[in-house]
Structures are given as structure tokens and as C-alpha cells.
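I have placed the structure first, in the form of C-alpha cells, so that the comments after it can refer back to it.
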Amino acid sequence: MVASSETFRGHLGDVRAFCAIVDLGTITHAAASLRETKGSVSRRVSRLERELGVTLLARTPRAVSPTAEGLAFYARALEGLALLDEALETARDGRSQASGHLRVTTSIDFGIEVMPDLVAGFRALHPRITIELIITDERLDLAANRIDLALRLGGREADDGGYRAPLLADLVIGLYAAPGYLARHPAPASLDALSEHDVVLTRERPGGAPILLSDGDGREHPVAVRPAIRATDYATVLRLAVAGAGIGLIPSLVAARAVRDGALVRILPDWARRGGTLRAVSLAGRELPARVRLFREHVRGELAARVAGEGA
């Protein structure tokens with residue numbers, strides 16, 4: 001490998017070609033991705049190997065694969081190319097509209113009920129940024145899945161030096177019911193009256209255990225309820241409540257659109273359950289690209305407006 005005191009005098013295009021081969025597995029696929037011929041890509045890698053003085057790819061008639069030296073070079077080269085691309089993007093931000101591709105993951109609840117409006121609004125502001133949504137309750141590894149941003153409940157990553165996880169919103173879980181349900185069952189006037197109603201909960205609540213609701217001063221009060229239906233996620237609880245199945249215990253951010261559309265009504269608005277935090281998780285160690293920062297701040301602003309709009 002080139003000594004640390006030496007200066008690389010090769011072409012960045014050669015480095016990109018080598019990384020593309022490792023990424024895509026074949027020279028053919030790398031050439032198609034780079035819009036070059038196979039011969040051109042092969043010559044680039046050969047020139048890079050001569051410059052570095054090492055063999056980066058083991059070649060056989062059927063395949064190519066990175067050598068140990070090639071893998072080591074690939075890992076560091078990929079970091080360097082990413083930093084260079086971000087520097088170029090930052091330089092362009094001052095004279096052009098932000099652009100690029102954004103990979104975002106979040107939970108089923110937020111992905112189904114909250115993200116559509118947020119993404120549509122963001123794309124209207126930044127049409128040159130494309131977005132890929134990965135909706136799953138699995139906590140995907142950001143580096144392995146090349147994810148730019150994860151919107152996650154809780155903050156396990158907040159104390160991990162490998163991540164940055166700034167707060168987006170404090171979550172409040174309230175009681176909601178459909179007008180149709182309330183036409184058949186008048187809204188409870190007190191917490192104790194909840195025991196007379198069908199309640200829809202997630203399965204996180206143990207069977208028979210009371211739910212803890214807090215007043216405006218933070219005082220908690222255990223409430224005995226009758227769980228008519230339990231579901232795996234809040235998105236399903238929301239749909240059941242909208243269908244008139246009972247009073248649902250739902251995060252205000254998840255319920256916001258249904259409330260705005262008149263499909264749900266907040267019940268006992270002075271009482272709620274604190275539901276933790278929503279954080280924007282990304283890899284630490286380098287400046288975030290403009291497209292990621294813009295999306296994160298868009299989400300933060302929109303969620304703050306929704307919370308303020310409901311007075312939660």
C-alpha cells in the first residue's frame with residue numbers, strides 16, 4: 001500500500017470504478033453503472049493498481065473479487081469519496097437547489113400514518129430530492145443498509161457515540177373515538193367512566209393491567225379499562241377507532257390527520273400518557289448532507305405544528 005507520506009497522483013474516476021466493481025460484484029455491472037465500457041473500467045483498475053503498487057482485484061475467467069488489500073483500500077476509499085461528494089454538494093448548495101437521494105426508515109405507525117403528508121410536503125419544497133421510505137418495526141443497521149436517517153421512538157442510540165440522535169418531538173398518547181361510536185356511547189365525563197366503554201389498546205399493555213394517565217401537572221392516575229380489542233401497532237388501533245370499535249389510546253401525532261379530517265375526536269383531553277420521544281437517528285462522525293438536514297428540520301417543524309395545533 002502507498003506509504004502515508006506519499007501523495008495519490010491517480011484519477012478519482014479510477015477509484016470510483018474500483019469501488020463500483022466491489023459494490024456491484026462484476027466489471028460488467030460496474031461499467032453499466034458508470035456508463036463506460038468494460039474495457040475502460042478494467043483499464044481504470046489496472047492503472048489504479050499500478051499507482052498503488054498492489055493488486056486490488058483477484059481475476060479469474062469467471063469472476064473478479066477484491067483481495068485483502070483491495071478490501072482495506074475499498075473501506076477507506078468509500079469514506080473518502082462520500083466526504084468528497086458531500087463537500088461538492090455543500091459547495092453547490094449556495095448556488096442551486098438541494099438535490100440527491102434520501103433513504104429514510106421509520107416504524108409502521110409513523111410510516112403509514114404520519115410520513116405520507118410529511119414526505120409530500122417536503123417534496124413540494126425540494127423536488128430535486130428523491131426519497132426512499134423503508135417502513136418496518138425492525139431496527140435496521142444504518143451503515144449496512146445505507147440509510148441516511150431513521151425516525152425512531154425512544155432514544156437508545158442517543159447515548160451511543162456512533163450515532164447522533166437529536167430530539168424531534170416528545171410523544172403524547174391520548175384517548176380518541178369516532179363520532180359514530182360516541183353517537184352510540186356518550187363520551188365519558190371522567191376517567192372512572194372509561195371502565196364502561198370498549199377500549200382499543202396495543203398489545204404492549206399487559207392484560208388486565210390499568211393504564212396510567214397524567215394530568216396537566218404530571219400527576220399519574222391508574223385507570224381500569226375494558227380492552228375490547230388489542231392490536232400489534234398504533235396504526236391498527238387508529239383504524240379500529242376510526243371504524244367505531246371503541247376508544248383508542250393513540251399517539252397524538254398518529255391521530256392528528258384523523259382528528260383534522262373529523263374521523264376522530266379527542267376524549268378527556270386533559271388526560272394523556274407520555275409516550276417517550278421521537279428522534280432522528282443518523283451515523284455520527286461526519287457532517288450530514290444538506291438533503292438529510294433539510295428533511296430532518298422539515299419533519300421537526302411539521303411535528304411541532306401538529307402538536308401545537310392539538311394543544312397536546
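The values are calculated or read from the model by the stated rules, or taken from the named source; none is laboratory data. Note that the coordinates shown come from a computational prediction; the quantities given were computed from them, not determined experimentally. Because the Cβ atoms are built from the backbone with ideal geometry, glycine has one as well, and the counts that use them run over all protein chains shown.
Which residues, taken from the range 30-54, are outside any helix (DSSP H, G or I) and surrounded by 15 or more Cβ atoms within 10 Å (Cβ to Cβ)?
E36, V54, listed by residue number.
Among the numbered criteria (1) crowded, with 17+ Cβ neighbours inside 10 Å; (2) under 22 Å from E302 (Cα atoms), which one does A241 miss?
Result: A241 passes all but (2).
State all residues of the range 55-77 that are basic (K, R) and not in a loop (DSSP other than H, G, I, E, B); if no residue qualifies, say none.
R59, R76 - these are the residues of the range 55-77 that are basic (K, R) and not in a loop (DSSP other than H, G, I, E, B).
The rows are residues; the columns are (1) of a type outside the set (A, V, I, L, M); (2) surrounded by fewer than 23 Cβ atoms within 10 Å (Cβ to Cβ); (3) in contact (Cβ under 8 Å) with a residue 24 or more places away in the chain; (4) within 23 Å of A305 (Cα to Cα).
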residue	(1), (2), (3), (4)
Y234	yes, no, yes, yes
V237	no, no, yes, no
I247	no, no, yes, no
P251	yes, no, yes, yes
V254	no, no, yes, yes
D261	yes, yes, no, yes
I267	no, yes, yes, yes
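If D148 satisfies all but one of (1) under 16 Å from S99 (Cβ atoms); (2) surrounded by 12 or more Cβ atoms within 10 Å (Cβ to Cβ); (3) out of contact with any Leu (no Cβ under 6 Å at 6 or more places or on another chain), what's the number of the condition it fails?
Every listed condition holds for D148 apart from (3).
Please note which helices (runs of 4 or more DSSP H) are completely contained in the range 157-267 and include at least 2 residues that are farther than 22 Å from R139 by Cα and touching a Lys or Arg at 6+ places or on another chain (Cβ under 9 Å).
So the answer is 252-260.
Quick test of your reading of the structure: G276 fulfils all but one of (1) crowded, with 20+ Cβ neighbours inside 10 Å; (2) on the phi > 0 side of the Ramachandran plot. Name the failing condition by number.
(1)
Have a look at V299, V281 and point out the one that is assigned to a strand (DSSP E or B), over 14 Å from I173 (Cα atoms) and at pLDDT 90 or above.
After applying the criteria, what remains is V281.
So, of the residues in the range 54-96 that are modelled with pLDDT under 80 and of a type in the set (K, R), which turns out to be farthest from L294 (Cα to Cα)?
Applying the filter and picking the extreme gives R62.
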